[in-house]
Every structure is written in structure tokens, then in C-alpha cells.
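A.B. asks: The structure's right below; bear with me while I get my questions together.
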Amino acid sequence: MIGAADPLIRIDSVSVAYQVPGGRVRALSDVSLDVHRGEWLTVIGHNGSGKSTLAKLFNGLVIPGRGTVTVDGLSTADDEQRKHIRQIVGMVFQDPDNQLVATVVEEDVAFGPENLGLPRAEIARRVDDAMRRLEIEDLRLRAPHQLSGGQKMRVAIAGVLAMQPAVLVLDESTAMLDPSGRAEVLRAAQALHRDGVTIVAITHFMTEVTFADRVIVLADGEVALAGDPRALFARPERLRELELDVPQVTEIAARLRARGMDVGLVPLTVAELADAFVRMPR
Amino acid sequence: MTEHVIEVRDLWHWYLRGTPLESVALRGASFTLAAGEIVGIMGHTGSGKSTLVQHFNGLLRPHQGSVRVFGTDLGDRRADPRSLRRRVGLVFQFPEQQLFDPTVGDDIAFGPRKLGCDRAEVRRRVTDAMTAVGLPFETFKDRYTFGLSGGEMRKVAVAGVLALEPEVLVLDEPTAGLDPRARRDLLTVLRTLHDERGTALVFVSHNMDEVAELVTRVDVLADGRTVLSGPVRDVFREGDRLRELGLGVPAATELAGALRDRGLDLRGDVLTIDDAVEAMWTSSSSPAA
Amino acid sequence: MDEFELSRSVTIGQFIPGTSVVHRLDPRAKLIGFVVIIAGVITASSYLGNAVAFGAVVLLVVLSGIPLRYLFGGIRPILPILVVYTVFNFLFLGNYDPTGSPVVFRTPVSLGPWEFAFTVTDNSIRQTVQGIFRIFDLILLSSLLTVTTPITALAKGIESLLAPFRRVKVPGHEIAMMLAIAYRFVPTVAEELERLMKAQASRGADFGRPGRLQFVQRTRQLVPVTVPLFVSAFRRAEDLILAMESRCYVGGAGRSAVDLGPLGRADWAALAVAAAFTLALWRTPFPW
């Protein structure tokens with residue numbers, strides 16, 4: 001066990017390479033980063049930046065060829081500790097369908113706790129609690145194919161939550177959803193974050209960066225930028241170089257600044273820019 | 001009056017009709033498309049958008065109401081939709097899931113071959129389609145389909161439909177799941193297709209910003225009915241109505257609304273980033289409201 | 001009916017909620033009862049015995065409140081095979097009659113170099129008729145099982161019954177899990193199949209009914225649909241593995257046991273009736 005102030009997850013000088021027909025592909029090169037207890041960390045990058053490989057490091061689905069990944073002091077390379085690590089770090093994936101295994105919602109949420117061998121009464125308690133927090137109680141007896149994308153994703157999150165993890169990793173969990181589904185998932189993640197769950201969100205949607213405490217930008221298997229969202233958005237040209245989008249409001253503010261009209265801050269939301277603009281001295 | 005290429009009037013369609021699980025997908029939807037237009041169809045999930053567009057190439061037949069495509073009445077049992085599928089190309093959501101041939105060139109050639117084109121014609125169409133989507137023929141024609149990136153596979157799927165040389169291209173959420181670069185790329189491809197070949201485009205989309213950028217007209221569906229229809233600026237002016245329907249407006253439009261709420265007098269409709277920058281720039285040079 | 005609506009066919013055999021006595025039985029009782037009754041049905045070798053067995057199965061269906069016609073719908077897909085099977089049995093079984101029963105008719109046939117005979121004996125007629133009854137019984141009973149028991153209960157029942165065999169390496173949990181996952185994905189894959197067919201039809205693919213059995217051609221025609229389905233199935237499997245491992249799945253070892261509770265009075269009664277029925281069928285010397 002580590003001290004409360006130490007990083008919960010530590011990725012130390014990690015490199016991962018894959019063998020493909022024709023040679024080796026470097027997915028990650030000498031990447032280091034920490035995840036602190038209770039924070040919301042967003043990892044962003046274009047397709048091929050290595051972010052999907054990075055996501056799988058957090059719970060030991062991928063073991064690095066070089067470097068170490070430690071969760072609460074435990075190494076993911078240690079076979080004995082892996083089950084325990086996966087209870088601390090829960091993960092939700094991109095495809096809403098391909099992570100639901102049971103025939104009804106209630107059963108799927110119970111899947112994780114059952115794997116931990118918990119007594120039935122405890123499982124029932126955790127399932128009820130998780131379903132309540134994800135607002136899916138009315139979907140209890142529905143079959144997965146009857147649910148919308150956002151609902152399926154919330155069921156998946158509930159299934160992970162029932163294992164009472166300290167960290168929730170969202171591996172591009174909004175990529176295949178429509179805007180309302182995306183909003184459902186982000187709302188749920190925010191609620192969990194308020195309750196103290198550490199969130200690690202991997203995404204390519206720049207608009208989701210606004211929820212983060214800290215952002216890390218990956219490009220070509222390396223950490224290209226790190227900082228808080230506002231610091232990142234202050235450099236839209238650099239973001240475009242890294243093939244990332246800039247939220248509309250940030251772009252608008254940047255263009256106004258280029259014309260000599262400075263609103264005085266890097267806006268993250270519509271409200272921020274509107275307020276700043278009207279407050280500007282003429 | 002221009003002859004409409006697609007004309008849908010009071011269209012009704014049920015799923016699993018006649019079974020205990022029957023449900024109504026469309027309740028009197030309407031739609032028109034003139035040659036060379038770019039139109040957007042918006043609506044929350046379950047509003048009937050996909051059901052509507054599947055009538056355009058005869059995959060679905062109207063249960064009630066009328067659907068005329070290139071003059072053919074699809075309500076007529078004798079009408080053969082297969083000839084329509086050449087003129088109205090339909091690209092489904094996540095179209096890369098339909099790729100089946102291990103060689104890129106052969107997968108794209110499927111459509112032309114089914115049309116009965118000879119070898120030279122097939123080759124010409126495949127080359128054309130691949131050039132149009134930005135996958136050079138020589139480099140990509142022999143590549144292993146399933147080894148390409150997501151964005152490339154999507155382009156192959158779109159090329160497969162383009163090889164039919166349709167006059168109308170219907171795309172269901174064409175940029176869903178793509179990262180920013182691939183998204184920009186695909187939208188440029190589509191716009192060029194329209195500009196250079198006069199292909200009419202129908203976008204079914206949730207992405208307000210994309211819709212605002214590309215289309216000239218928008219139809220909004222809700223609960224199987226067409227509830228809003230008109231030029232894109234007119235439709236996006238109905239911000240409250242759109243929000244009620246579970247849709248949004250482009251970020252720039254939202255910003256304009258927020259500024260007006262704070263007493264600023266902004267001229268004109270704001271749909272795109274450029275609109276917003278211009279409006280904000282000119283508003284600051286005039287006396288504050 | 002719309003050309004591409006597959007969801008219709010997928011509903012055959014799916015659970016229909018109800019409050020009948022059959023619905024309310026414990027899944028373990030139903031599974032064991034099913035096996036016991038089938039054993040009885042198979043051992044009945046007289047015409048009367050077959051009729052009694054069939055009558056009992058029909059009675060069971062009536063008791064469940066499910067319309068008989070609906071369950072018979074499950075026979076429709078295999079009707080062609082059934083007809084072929086019956087005709088072949090009728091014509092050829094007599095050639096292999098070990099009981100030496102009286103021959104009803106015999107017609108030697110020669111087709112080129114081959115010589116054989118259509119032979120019908122008393123016993124072969126009996127076997128053929130029995131075959132039909134047994135198939136009907138089997139289909140009705142298994143449909144009844146899946147229609148009155150939600151798949152979760154069935155999977156739990158199977159896992160619970162197989163649990164004691166874990167010590168002899170029978171992977172009861174894994175079997176139940178495989179069944180449940182397969183079942184869960186049926187509607188999802190059906191939707192995917194429908195979308196695929198529509199997408200390929202939009203490119204000019206033709207899935208029209210060729211009418212006759214041009215098997216090879218039909219298979220080739222379906223390649224634009226079968227290949228993507230396979231590719232997608234593999235991707236699903238890979239994704240599922242990652243998701244399941246992330247939730248600490250390591251197979252049946254260490255998992256919470258299935259807890260269905262003790263069997264109730266109705267369950268024991270049902271089992272007793274099933275056992276008595278099968279015993280009676282077996283022992284009664286039916287005259288015909």
C-alpha cells in the first residue's frame with residue numbers, strides 16, 4: 001500500500017511494441033505518467049497515437065516490454081496481483097455491445113462481483129447500488145439489444161462500479177455513441193468523480209477535455225503535451241499540428257485575438273466566452 | 001418548378017407489422033430532394049431518420065403514403081428497386097463493417113461487377129471512385145482490406161458505393177467514430193464530390209456543426225414525423241424548438257444566442273465559426289446596446 | 001412482408017411470460033423432468049404407447065397456456081427435412097429389419113449398376129411412424145422448455161445441476177456461460193445481419209430467392225454477408241475477452257455459486273409425475 005499523497009497509478013518509462021507482418025510497430029516509446037487519487041485525467045490523441053495501448057496498461061491487459069506499471073504499489077507484470085489490480089482499476093470499452101455478456105441487465109451488473117466470489121447478499125446490495133447511481137434501475141430486466149447505446153454504456157459502467165474500483169478508465173467510451181448517449185456517459189462519469197472515483201478518460205473529442213483536471217496529449221507513441229485544459233487550448237496551432245480539434249469557442253476566441261481583439265482568457269465553454277466578450281472594454 | 005428527384009409525401013411505415021411486437025416508425029413523414037442539392041436530415045435516435053432514407057433506394061417500401069424516386073413510384077408492387085440502387089447510393093453508418101473482399105480493389109469492384117460492367121469499365125469506375133475518396137488506385141488497389149486504418153476502411157466502403165456512379169448519395173452519420181483528421185478529410189471528399197460532379201448529397205447527421213457547414217436545407221424528424229423543414233439558417237434559428245427535440249444547434253449559433261441574451265446586438269444568422277467571428281468583430285465597432 | 005425483416009424469425013422459441021404451473025417450476029426440475037420424459041418417449045415402442053406419450057406432451061403444452069399452434073410453428077423450418085427423412089425411412093427401413101416381421105410389399109429396383117429394393121415391413125412402418133412422433137415430441141418439449149423458462153433461469157439451472165460434476169472436470173459454469181452469451185448475441189447478430197444485407201443490396205447484391213437448390217451458387221451469393229459477419233464475430237470475441245478479463249473473469253473457479261434455493265413441493269411433485277409417467281410407459285404392455 002502506498003501513501004495517500006503518492007500517485008495511485010505510476011507508468012514509468014514504458015515502451016510497447018507489436019510484431020506485425022513486415023516488422024515491429026512501436027505503439028509507445030518511453031512514456032511516463034502518473035495518475036493521482038481523485039483526479040480526472042484525460043488522455044487525448046489522434047488514431048495511431050498509442051492511446052488505446054496506453055489504456056490497456058492501466059489494468060494489465062497489456063504488459064510493457066520495457067518499463068513498469070504500478071497500481072497502488074502493485075506491478076501489473078505480477079501474475080498473482082493481476083486480479084486484485086483489476087478490482088482497483090475498472091475499465092469500460094468503446095463498443096457498447098461487446099462488453100455486455102449477460103442476457104438481462106441485472107445479471108450483467110452482477111457479473112463482476114460474482115467473479116470476485118462474493119456472497120449473494122453482498123452481490124445484490126452492490127448491484128442495486130450501482131444501478132441506482134447510474135440511473136438504470138428501470139432497465140433491470142431488459143435485454144441488452146433493447147437498450148440504446150448510452151444505456152448500454154451505463155450498464156457497462158454499473159457493472160464495473162459494482163466491483164467498487166478506485167479508478168474508472170473510459171477507453172473511448174463515447175466514440176460510438178450519439179450526442180445524447182455521449183452526454184449520458186459524461187454525466188455519469190462526472191457524478192462518479194464527485195463521489196471520489198478517479199477518472200481516466202481516453203478520447204479524441206476535444207470537447208470532453210473541459211471536464212478534466214489534467215490533460216495528456218499523445219502523438220506517435222510519445223507524450224507530446226501535458227497540462228491543464230486551459231493551458232492546452234491556449235495553443236491551438238500546436239493542437240492542430242498534433243491533428244487534434246479545437247473546440248469552437250476556443251477557435252473563435254483565438255481568431256478574434258489574431259485580429260487584435262483579446263477577450264482576456266482562454267474560454268472552454270460558450271458561457272465563458274460570452275461573459276468575457278461582453279465584459280471587454282471598448 | 002424543378003422536377004424533384006426524390007419526393008416523399010405523408011409516408012407511414014411500421015416495423016414487424018402484423019406481429020405482437022409491431023411499432024410505428026414513420027407517421028406521415030415528408031421529404032423532397034432536387035438534383036444537385038445538399039440536404040441534411042436531423043432527429044434524435046428513434047425519430048425514423050434511418051427508416052426514411054431506406055425508402056430512397058427501395059430497401060423499404062411505403063406502407064402508406066407515397067415515395068417517388070426518379071419518377072418511379074415505389075408504392076407500386078411491380079416497381080423494381082434494383083435499378084434505383086444504381087442512381088441512389090446509400091452509405092450506412094459504420095460502412096466499413098460491410099467490407100468483405102480481402103483486396104481493396106476487388107471489394108470496390110463488387111458494385112460495378114454486379115451492374116454487369118465489362119473489365120475495362122469496372123477498372124475505370126474503381127479508379128475513379130478511389131481517386132475521389134483520396135485512396136490512390138495503384139497504391140491501394142492490392143492492399144489487404146482488413147489491414148487498413150479505420151478512416152481508410154471507411155473510404156473504401158464509400159468508394160464501393162461511388163463506383164456505382166449514383167446521382168444521389170445518401171450518407172447515414174458518415175463521420176461517426178472518426179477522429180478529427182479523418183472527419184475533416186471525409187467531409188472534404190464529399191463536398192468535392194458535390195462541387196465537381198453535381199452529385200446530390202443527403203446527410204443524416206447528429207453533428208450540428210457539420211450540418212451547418214455543408215447543407216443548404218434541413219429536415220428535422222421527430223417521432224416519425226417531419227417537424228421542421230427549410231433553409232439551414234431558418235431551421236437553426238429555432239434554437240429552443242431544437243433543444244426541446246433533443247437536438248442542439250451549432251456551437252457558434254449557441255454562442256450568438258448567449259451573446260444576445262447578454263444584451264449584445266449581433267447582426268444576421270450565425271452558423272459557423274466564421275459567422276461568429278465576423279458578427280462579434282462588427283458588433284464591437286458599433287456602440288454597445 | 002418486407003424483404004429484409006429478420007427479426008420476425010428470431011422470435012421463435014423465445015421466452016413468453018406466463019403464470020402457468022409449468023412456468024413456475026424450478027428450472028432444475030424442468031431440465032430433469034425434460035430428460036426423464038424424453039427417455040419415456042423414446043422407449044415407447046407401440047402405437048398406443050406413442051399416442052399416449054404424444055397425448056401427454058400435448059397435455060403439458062395445454063397446461064402451460066402456450067398456444068399449441070405457436071409451438072408447432074417451430075416444426076415448419078425443418079418440415080422439408082422431415083418429409084425427406086420419413087419417405088426414405090418408409091421405403092428403405094424394411095431392408096434392415098432384424099425382427100423378421102411380415103413384409104407388406106417389396107419392389108426391387110435397378111438403376112444402372114445399382115440394385116436395391118424398396119421394402120416395407122410391419123416393423124418398418126411402426127419405426128417410421130414412431131420416428132415422426134418422437135421428433136414432434138422432442139420439438140414440442142424443447143420449445144416448451146425455452147418458451148416457459150427465461151434463459152437466465154435455464155443457464156442457472158444447468159450450471160447448478162452440473163456443479164457437483166466439477167470434481168470430475170466437467171466445466172459446468174463455462175457451458176452455462178457459453179449458452180448465455182450465445183443467446184444474448186442472437187438478436188444483436190440478427191440486427192447486424194439485416195443491416196449487412198441491406199448495405200450489400202444497396203451495392204447491387206442480389207439475395208433474391210433462386211427457387212431451387214442451387215446450393216453452391218447461393219453460398220457464393222451470401223459471401224458479402226457471411227464474411228463481414230465472421231469478421232465481426234471475431235472482433236466481438238476479442239472485445240469480450242478483454243471486457244471479461246477486466247472484470248476479473250477467470251472461468252468458473254472462485255466464482256460465487258449459483259443459488260437457486262431448495263426445490264419446492266410443486267417441483268418434487270412434477271418430478272415424481274414425470275418419473276411415474278416414464279416408468280408406466282416403459283412397463284405397460286400395450287396391446288398394439
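The values are calculated or read from the model by the stated rules, or taken from the named source; none is laboratory data. Bear in mind that the values here come from a model prediction, so they are computed numbers and not experimental data. A quick note on method: Cβ atoms are made from the backbone with ideal geometry, for glycine too, and the neighbour counts reach across all protein chains shown.
A.B. asks: Going residue by residue through segment C:211-222, is there one that turns out to be at the interface with another protein chain (Cβ under 8 Å from one of its Cβ atoms) and either β-branched (Val, Ile, Thr) or closer than 30 Å to residue B:84 by Cβ (or both)?
C.D. replies: No: segment C:211-222 contains no residue that is at the interface with another protein chain (Cβ under 8 Å from one of its Cβ atoms) and either β-branched (Val, Ile, Thr) or closer than 30 Å to residue B:84 by Cβ (or both).
A.B. asks: Shifting gears a bit: Going residue by residue through segment A:202-213, is there one that turns out to be within 22 Å of residue C:246 (Cα to Cα), of a type in the set (A, V, I, L, M, F, W, C) and within 17 Å of the chain's Cα centre (by Cα)?
C.D. replies: yes
A.B. asks: Can you confirm whether residue A:69 is away from every other protein chain (no Cβ under 12 Å), farther than 21 Å from residue A:229 by Cα and either at pLDDT 95 or above or not in a strand (DSSP E or B) (or both)?
C.D. replies: Yes: the conditions hold for residue A:69.
A.B. asks: Counting only residues that are among the hydroxyl-bearing types (Ser, Thr, Tyr) and either more than 13 Å from chain B (Cβ to nearest Cβ) or in contact with a Gly (Cβ under 8 Å, 6 or more places away or on another chain) (or both), which one in segment A:171-218 is farthest from residue B:95 (Cα to Cα)?
C.D. replies: The residue in question is A:198.
A.B. asks: Next up: When residue B:32 is evaluated against the numbered criteria (1) within 21 Å of residue B:222 (Cα to Cα); (2) crowded, with 16+ Cβ neighbours inside 10 Å; (3) in contact with a strand residue (DSSP E or B) (Cβ under 6 Å, 6 or more places away or on another chain); (4) in contact (Cβ under 8 Å) with a residue 60 or more places away in the chain, which criterion, by number, is the only one it fails?
C.D. replies: (4)
A.B. asks: Could you check how many residues of segment B:120-149 are within 14 Å of chain C (Cβ to nearest Cβ), closer than 23 Å to residue C:220 by Cβ and not in a helix (DSSP H, G or I)?
C.D. replies: Result for segment B:120-149: 1.
A.B. asks: Looking for whichever is under 25 Å from residue A:117 (Cβ atoms), at pLDDT 90 or above and at the interface with another protein chain (Cβ under 10 Å from one of its Cβ atoms) here; the options are C:197, C:244. Which one fits?
C.D. replies: C:244
A.B. asks: Test each condition in (1) over 24 Å from residue C:158 (Cβ atoms); (2) in contact with an Asp or Glu (Cβ under 7 Å, 6 or more places away or on another chain) for residue C:263 and report the one that comes out false.
C.D. replies: For residue C:263, the failing item is (1).
A.B. asks: Same structure again: Being hydrophobic (A, V, I, L, M, F, W, C) and within 23 Å of residue B:191 (Cβ to Cβ) is the filter here; which residues of segment B:103-140 pass it?
C.D. replies: Result: B:108, B:126, B:129, B:130, B:132, B:133, B:135, B:137, B:140.
A.B. asks: Using the structure shown, decide if residue A:230 is surrounded by fewer than 17 Cβ atoms within 10 Å (Cβ to Cβ), assigned to a helix (DSSP H, G or I), among the basic types (Lys, Arg) and more than 10 Å from chain B (Cβ to nearest Cβ).
C.D. replies: Answer is yes for this residue.
A.B. asks: Here's another thing I want to ask about it. State all residues of segment C:223-257 that are in contact with a Lys or Arg (Cβ under 7 Å, 6 or more places away or on another chain) and part of a helix (DSSP H, G or I); if no residue qualifies, say none.
C.D. replies: Listed by number, the list holds a single entry, C:246.
A.B. asks: So which helices (runs of 4 or more DSSP H) stay within segment A:72-155 end to end and still have 1 or more residues that are touching a helix residue (DSSP H, G or I) at 6+ places or on another chain (Cβ under 8 Å) and farther than 20 Å from residue C:246 by Cα?
C.D. replies: Where helices (runs of 4 or more DSSP H) fall fully within segment A:72-155 and carry at least 1 residues being touching a helix residue (DSSP H, G or I) at 6+ places or on another chain (Cβ under 8 Å) and farther than 20 Å from residue C:246 by Cα, they are A:120-133.
A.B. asks: Please determine, by comparing only the residues of segment B:63-119 that are more than 9 Å from every other protein chain (Cβ to nearest Cβ) and of a type in the set (Lys, Arg), which one is farthest from residue C:224 (Cα to Cα).
C.D. replies: Per the stated criteria, the residue is B:68.
A.B. asks: Follow-up question, since we're still on this one. Is it the case that segment B:269-286 has a residue that's loosely packed, with under 15 Cβ neighbours inside 10 Å, in contact (Cβ under 8 Å) with a residue 24 or more places away in the chain and at the interface with chain A (Cβ under 9 Å from one of its Cβ atoms)?
C.D. replies: Checking segment B:269-286: not a single residue is loosely packed, with under 15 Cβ neighbours inside 10 Å, in contact (Cβ under 8 Å) with a residue 24 or more places away in the chain and at the interface with chain A (Cβ under 9 Å from one of its Cβ atoms).
A.B. asks: Between a residue in segment C:239-259 that is farther than 18 Å from residue C:163 by Cα and any residue that is of a type in the set (Lys, Arg), which pairs come within a Cβ distance under 8 Å, given they are 6 or more apart or on different chains?
C.D. replies: Going by the 8 Å Cβ cut-off, the qualifying pairs are C:242/A:56; C:245/A:86; C:246/A:86; C:247/A:86; C:248/A:83; C:248/A:86.
A.B. asks: Which condition does residue B:269 not pass, out of (1) over 21 Å from residue B:46 (Cα atoms); (2) at pLDDT below 90; (3) assigned by TED's automatic domain parsing to the domain that holds residue B:63, if it passes all the others?
C.D. replies: Just one mismatch for residue B:269, condition (3).
A.B. asks: Next question, about the same structure. What are the residue pairs meeting all of these: first residue in segment C:175-192, first residue without any contact (Cβ under 8 Å) to a residue 60 or more places away in the chain and at the interface with another protein chain (Cβ under 9 Å from one of its Cβ atoms), second residue surrounded by 17 or more Cβ atoms within 10 Å (Cβ to Cβ) and not polar (S, T, N, Q), Cβ atoms under 6 Å, and 6 or more apart or on different chains?
C.D. replies: Between residues of segment C:175-192 that are without any contact (Cβ under 8 Å) to a residue 60 or more places away in the chain and at the interface with another protein chain (Cβ under 9 Å from one of its Cβ atoms) and residues that are surrounded by 17 or more Cβ atoms within 10 Å (Cβ to Cβ) and not polar (S, T, N, Q), the close pairs are C:180/C:155; C:181/A:101; C:183/C:151; C:188/A:97; C:188/A:145.
A.B. asks: Of all residues being in contact with a Leu (Cβ under 7 Å, 6 or more places away or on another chain) and in contact (Cβ under 8 Å) with a residue 60 or more places away in the chain in segment C:193-209, which is nearest to residue C:221 (Cα to Cα)? Just the residue, please.
C.D. replies: Restricting to residues being in contact with a Leu (Cβ under 7 Å, 6 or more places away or on another chain) and in contact (Cβ under 8 Å) with a residue 60 or more places away in the chain, the top hit is C:201.
A.B. asks: Still on this structure, please answer the following. Only one residue in A:147, A:168, A:118, A:141 is hydrophobic (A, V, I, L, M, F, W, C), within 12 Å of chain C (Cβ to nearest Cβ) and touching a strand residue (DSSP E or B) at 6+ places or on another chain (Cβ under 6 Å). Which one?
C.D. replies: Just a single option satisfies the conditions, and that option is A:168.
A.B. asks: Would it be correct to say that residue B:156 is over 12 Å from the mean Cα position of the chain (by Cα) and within 11 Å of another protein chain (Cβ to nearest Cβ)?
C.D. replies: no
A.B. asks: Here's something else I'd like to know. Among the residues of segment A:264-282, what is the count of those that are farther than 24 Å from residue A:205 by Cα and touching an Asp or Glu at 6+ places or on another chain (Cβ under 9 Å)?
C.D. replies: Qualifying residue count for the region: 1.
A.B. asks: Just to be sure before I move on: is residue A:132 among the basic types (Lys, Arg), crowded, with 24+ Cβ neighbours inside 10 Å, away from chain C (no Cβ under 12 Å) and under 23 Å from residue A:198 (Cβ atoms) in the structure I sent?
C.D. replies: No.
A.B. asks: Give all pairs with beta carbons closer than 8 Å in which a residue from segment C:270-288 that is within 15 Å of residue C:42 (Cα to Cα) and assigned to a helix (DSSP H, G or I) meets a residue that is at pLDDT below 85 and among the hydroxyl-bearing types (Ser, Thr, Tyr); count only pairs at least 6 apart in sequence or on separate chains.
C.D. replies: Listed by first residue and then by second, the contacts come to C:278/C:43; C:281/C:43; C:282/C:43.
A.B. asks: Another question about this same structure. For segment A:251-270, what are the residues that are within 28 Å of residue A:36 (Cβ to Cβ) and facing chain B (nearest Cβ under 10 Å)?
C.D. replies: Selection gives A:267, A:269.
A.B. asks: Exactly one of these conditions fails for residue A:246: (1) free of Cβ contacts under 8 Å to residues at least 60 places away in the same chain; (2) within 28 Å of residue C:243 (Cβ to Cβ); (3) of a type in the set (Val, Ile, Thr). Give me its number.
C.D. replies: Tallying (1) free of Cβ contacts under 8 Å to residues at least 60 places away in the same chain; (2) within 28 Å of residue C:243 (Cβ to Cβ); (3) of a type in the set (Val, Ile, Thr), residue A:246 fails exactly one: (2).
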